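Below is one structure; the comments refer to it alone.
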Amino acid sequence: MSELLDVFIGESRENLESASQELLEIQSSGPAPERVDKIFRDLHTIKGSSDLFDIKPLTRLAHAAEDLLDSVRANEVSFSNDIGDLLLEALDQISIWFDELEVGSQDLEQWQPISVNLGAQLRHFIDPDASCGSSNENEAVSSKESSSVNQNLTDTQRELLADFSENADLKLLCQTYGPYCYLIQYTPDEGCFFRGEDPVNVALTLPGLKAFNIAMPELDHDADIYNCMTRIKAIGCADEDVIKQHMAYYEGQYTVTFFSSQALSASCASKIRENIAQIPDETLTDAIADNNLEQVNSSAGLLLASQDFSDADCDDAKRVTLQFLSTASELDFLSRAEPSSHAETAESASQSISNEAFVGTDDKASVNVLSNADEDAPLKSNVKLADISARPEKILAPHEKAILTQQLTLLNSDNYKTELMFPSIAGLVGNMLGETFSDEDTLAVAICNALDDETINEQADEIHKQQSTEEASAETTQQTNTSPSTADFSEINTVPGRGDSPQPIKAERQAVKMLKVDQTKIDYLMDIVGELTVAKNSLPYLAKQAEEEGGSRKLSKQIKAHFSIVNRLTESLQSAVLQIRMVPVSHVFQRYPRLIRDLARKLDKKIELCMQGEDTEFDKNLIESLSEPLIHLLRNSIDHGIESPEERIEKGKPETGRIDLIATPLDDSVIIEIRDDGKGIDPNKIKLLAFQKGVITESQLESIDDNEALQLIFAAGFSTSEQVSDLSGRGVGMDAVKTMVSQAGGTIEMYSEVGVGTTFKLLLPQTMSVNRVMMFEVSDQMFGVGMDAVVETVKVPTSDIQRIRNEHILVIREKLIPVCNLREALGFEQDVDREEQSILVVSTPQGEFGLIIDKFHEGIDVIQKPLEGVLAGYAHFSGTALLGDGRVLLIINVQEVLAKCR
Amino acid sequence: MPIAFKKKVAVMTGHCEIEEAESLFTWLNEEASRQVNLKALTSAHTAVYQVLLAKKPKVSVWPESENLFWLIKIMNNKSNVWCE
């Protein structure tokens, strides 16, 4: 996947999210112009950027949605929930496509119908009638494409062409290449300039553009020239896809119709025949009769060059016909339709074109066709023979003379191209002479002999030489001519050049305010800062060493002074980097209103989500790891917590259930609470189930209190999906939630009261990269424990530690604290009896505990690294950290150690 | 400036942006006899073309740029322009 696509998807997802956010807001609190505006802009951005890639269905869908919003914005369409739902559906579809794009599994063929369907539905809101029409039209176009596109022009198409200009069909035919032609009517919106559109230039760059016209009303003195009044019609040759792609931004502002060039030629056939009939040139008619393409091309070309079109009305048509014949690459279509022997009126003639059964012309023309033109000769060669023998004149007619004279001029003209023109001239002359003189064969042989290949080539060479010398001289003269003129030009150009220079500045004025950075780069920066923190920690050691070994107190002092500076800088650097990684929790929260709305609708419940503290900041990594468990918890609340409206009314609760999602910063942590006012969880049921599942023993079943029982839902092996229904509470993978939360370095607690509701409380560290740990010493080795866990440090006489049954207990401030000897727990040798013991009091979810250690050390910032490799199995260490002097600090996992202790 | 307004003639050069349309329109409205010199005009925004086509001012010099052949035709009241 390309980097650009990555960026596009990333940005567009943000746009999608904010758009659906706004949509939900609108649905709940009614349409507000600025919200519609916001959604419009979001979709506009998606549409705009999507055009960079070959994902037309997506672009089109986004465009349709954007158009609908534009109409809503302009108050042309009033916002309804149906519109909102449909827009959300469109956003979902786009999001699904993004997923596919991301993994590269997109199938545009499959996208297409979805896009067309959704797009049509969206457009239906804009204009119910027009959208029906246009969708039909689209269907018509596509069906035409498959079946009848090769056949004929529809009446509408013919009308449109006729409307475009007289003989537009013929003219277009002259210039046609490629199989398809289009006729587009582009009527830009009045306000299109404000969207940065430039209709004329769009039309001018239409692919395969052949002709266009621009209709412009007269403007009053006080007219608003920033209203677009231009209407453009254009015809050209290009495939449907290409045109649609070109006009993708302007959907809804244009109508286009496509037809095949074959259909065009078929419908022009009669016109061409008519015109040929009026051109009194036998060479041409004969050539057409013989279906001799080369001959037709050349003689039509000659006629075109020689004919002087100054008199009659249908000159234009004739000229175009000749033009067409001079370049035509096939003439079969002329003979395909059989000439009608019946006299038909002009009207029925045009009808008959569409039937293609026969082509009618008015009687005079058809007589002319038969007697003079003979274009159907391949089928009727005997007619042709009869015709020739019946020809009255045996002397050169005036026009024949004229033509022969023209040949002479042509032969001498500059544009003369031997290979192309000579055969036709020869043929023409030959035919003329042949008709005038009865002895055709001898004449033809004589002419052919006279002008055999050699002579032709010689002539060609000569002409070539002549031309090249001419060109050379022309070039030199041109050069001399151009030198002053280029000077003129440069003068002209430099003037605007100076004037133009402010333009790039204008373009740059929208300076980038936000910088998007690859997250791995930030992570790398974070790592380095972490290393720096560790490296900085070595300075105090150095100072100590300088004092002890070097004996220089002064040096030690200086190092310490420097350390404080480095320390300060590192800390601000660290917090700066951490700040970069901080994002408000709304980043995750904003997805939930949608989730809740959808789920609530599905379950026929009424639920209101109240969010608080969305701007609480959080480490990006953490937030992302949080998203899943939070969804899980919310889903449980909706599914099992909140009762159905009837049930709620029965219980005397408000009909609409309420879920609170609250984020509160607490020191370096964040508390996230999910509170619902549903039916709560019955601890007795949990107890029983846990017992049945073998999570707790019989004795525990009796001793366990309600709060402990509730926490059992987090126990591994407690929940499976079947329980959900009979438990009437939560239970889907709560252990998974707990695992995810503790992986993020957090804890989860749950409170519930039957009939009142349930609260989940997640306590999460704000950042996960730097931890403050307290160092201590056991058996000459350094260990660390997370500073959050430390409650206090005390030194007590050994005698104060009492023994109750098989547990050591210490009483601090009238509080019983179980004590665990770390030497024992970590497998060190027992210490000789001491008079005084150092106790580190730590808090755990099970309450406070005392750890007997040897010596306290200072607190330190470390970057905790997880245990890897062979050490990964040791659960009583949660990780390691590197100390300033290079030693490795093992950080103990208090809960695991305590479990061993007991 | 892409458009230099002289006494009687507005000289348009290079590409005329949409912003020029208004000043051109007002300037042409001030006096009916005013002309435009399109010699060095290469392209323009639709809004500018719109002013030219709607006002059809007298053109003192037609554009040299081949891209604007159509403008010449349309301003000379040829409704259809065929690309050769």
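What follows draws every value from the coordinates through simple rules; no lab data is involved. Keep in mind that this is a model prediction, so the values were computed, not measured. Using ideal geometry, Cβ is built from the backbone for each residue, glycine included, and neighbour counts are taken over all protein chains shown.
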Across 5 Å bins beginning at 0, the whole-percent shares of Cα-Cα pair distances in the range A:599-765 come to 2, 9, 17, 21, 19, 16, 11, 5, 1, 0
Quick calc, A:R772 & A:D833: beta-carbon distance into FRET formula, R0 25 Å, rounding 0.05, result 0.15
Exposure-ranked with fewest Cβ neighbours within 10 Å first, B:T46, A:T793 stand as A:T793, B:T46
In this structure, the FRET efficiency calculated for B:S23 and A:A223 from their beta-carbon separation, with R0 = 22 Å, to the nearest 0.05, is 0.90
Filtering GluC sites (Glu not before Pro) in the range A:797-902 by DSSP loop and by at most 14 other Cβ atoms within 10 Å leaves A:E814, A:E829, A:E835, A:E868
Check: C-alpha center the range A:169-232 vs C-alpha center the range A:800-817, spacing in Å is 92
Projected area averaged over all directions for the convex hull of the alpha carbon atoms of the range B:3-75, nm², comes out at 4.0
Between A:R195 and A:Y524, the two model label points (7 Å from Cα along the beta-carbon direction) sit apart by a distance in nm of 4.2
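Quick check of the Kirkwood formula: for the range A:771-901, what is the inverse mean of 1/r over all pairs of different Cα atoms, in Å? Present the calculation step by step, with values, prior to reporting the outcome.
On the way: mean 1/r = 0.0660 Å⁻¹.
One decimal place: 15.2 Å for the Kirkwood radius.
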Debye calc, one equal point scatterer per Cα of the range A:147-262, no solvent, log10 I(q)/I(0) at q = 0.11, 0.19, 0.22 1/Å comes to -0.38, -0.99, -1.24
Fraction of alpha-carbon pairs in the range A:808-868 farther than 15 Å apart, rounded to whole percent, equals 62
Expressed to two decimals, the range A:77-118 has a Cα Rg over Rh, using the Kirkwood radius, of 1.09
On each of the three principal axes the extent of the alpha-carbon atoms of the range A:519-583, given in whole Å and largest first, is 48, 16, 11
At 10 °C in a medium of viscosity 1.306 mPa s, the range A:1-106 has a Stokes-Einstein diffusion coefficient, with Rh taken as the Kirkwood radius over alpha carbon pairs, in µm² per second, of 115
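DSSP loop (so not H, G, I, E, B), at most 13 other Cβ within 10 Å: list which chymotrypsin sites (Phe, Trp or Tyr not before Pro) in the range A:829-902 pass both filters.
The qualifying sites are A:Y874.
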Distance in nm between A:K516 and A:A74 label points, each 7 Å along Cα→Cβ, equals 3.0
Which residues qualify? For A:S779, with a placed amide H closer than 5 Å and at least 5 residues away or on another chain, they are A:D854
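Using the 10 angstrom Cβ neighbour count as an exposure proxy, how do A:R41, B:R34 rank, fewest first?
A:R41, B:R34
Given a Förster distance of 22 angstrom, what is the FRET efficiency for B:V61 paired with B:K8, based on the Cβ-Cβ distance and rounded to 0.05? Mind showing how you got there, number by number?
Values: r = 13 Å, r/R0 = 0.59.
That gives a FRET efficiency of 0.95.
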Rg/Rh of the range A:178-225 (Cα atoms, Kirkwood Rh), to two decimals, equals 1.05
